Amino acid sequence: MKDFTVEELNFLCILRDIDRKDTINNIVEATPYIADDDVRKIGERLLVTLETMTDAEYNDISFDETFEE
């Protein structure tokens, strides 16, 4: 499974949907409204990752909070 940066995972948590394709669509639709270049680049990187992963890999992403010491 792909390791996401904290920024990518946060971006994904905001725009995630029931499945990978709907999440991709959410990111594509939101991108024109993102004024910050750095945030837009995070979204673009995330799109590439989501487009190259399988639905099974997407479903394996854990959105649970885990805090390790």
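Each reported figure results from applying straightforward, stated rules to the coordinates on display, with no laboratory input. Just so it is clear, the structure is predicted and the values come from calculations on it, not from any experiment. In this analysis, Cβ positions are derived from the backbone assuming ideal geometry, glycine residues included, and neighbour counts consider all displayed protein chains.
Some points to look at:
- 1 or more residues among the acidic types (D, E) and exposed (fewer than 11 other Cβ atoms within 10 Å of the Cβ): qualifying helices (runs of 4 or more DSSP H) within the chain: 20-30, 37-52, 55-59
- Residue among Y58, Y33 that alone is among the hydroxyl-bearing types (S, T, Y) and free of Cβ contacts under 8 Å to residues at least 24 places away in the same chain: Y33
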